[in-house]
Amino acid sequence: MSNQNTIDCLLFEVAGIAFGADVSQIARIDDAPASGADEDAVSFRMALGIKGELNRCKKRSLLRMKGVAAGSMLVEGLEGIEPISTEEFQPLPEILRKAAANPYLKAVALHGSRVIFLVDMAEVASMAVKY
């Protein structure tokens with residue numbers, strides 16, 4: 001459980017990039033069906049415009065979002081939940097903010113030897129509904 005100095009992050013990897021989402025935004029985590037996601041699911045990969053083949057070797061999961069009409073978000077490479085100190089997170093450097101050109105990426109952390117991008121999953125899901 002997080003305290004005011006940490007964020008409990010659900011860690012997952014897409015296309016070799018590590019992401020973290022605040023677990024307080026997620027109501028439930030389910031395994032994704034082998035044939036794909038349910039009809040209401042939004043692909044995290046597609047919502048962020050990440051190109052490349054879906055890694056079918058990695059476990060895929062459906063994140064059921066709290067208070068978001070999109071229903072669920074399909075992610076791959078789910079790793080688990082880990083508390084990360086708020087001191088480890090820094091605002092995105094300007095070059096990344098411009099390159100990413102989306103409001104989903106909120107911060108970046110160097111956690112151990114990994115770079116983790118903090119993502120606002122509720123915003124990803126709500127923006128993806130508009131596509």
Next on the checklist: If I ask for residues that are at pLDDT below 80 and within 15 Å of V119 (Cα to Cα), which ones from segment 43-63 would you list?
Outcome noted: S43, F44, R45, M46, A47, L48, G49, I50
Checklist outcome for this item: R28 vs (1) at pLDDT 85 or above; (2) closer than 18 Å to K106 by Cα: all pass except (2)
Checklist entry - Just wondering, is there one or more residues in segment 71-84 that are surrounded by 13 or more Cβ atoms within 10 Å (Cβ to Cβ) and at pLDDT below 75? => result yes
Item to check | Selection within segment 95-114 - surrounded by fewer than 11 Cβ atoms within 10 Å (Cβ to Cβ) and at pLDDT 80 or above | outcome: G112, S113
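The values are calculated or read from the model by the stated rules, or taken from the named source; none is laboratory data. The model shown is predicted, which means the values in this text are computed figures rather than measured ones. Glycine gets a Cβ as well: all are built from the backbone with ideal geometry, and neighbour counts include every protein chain shown.
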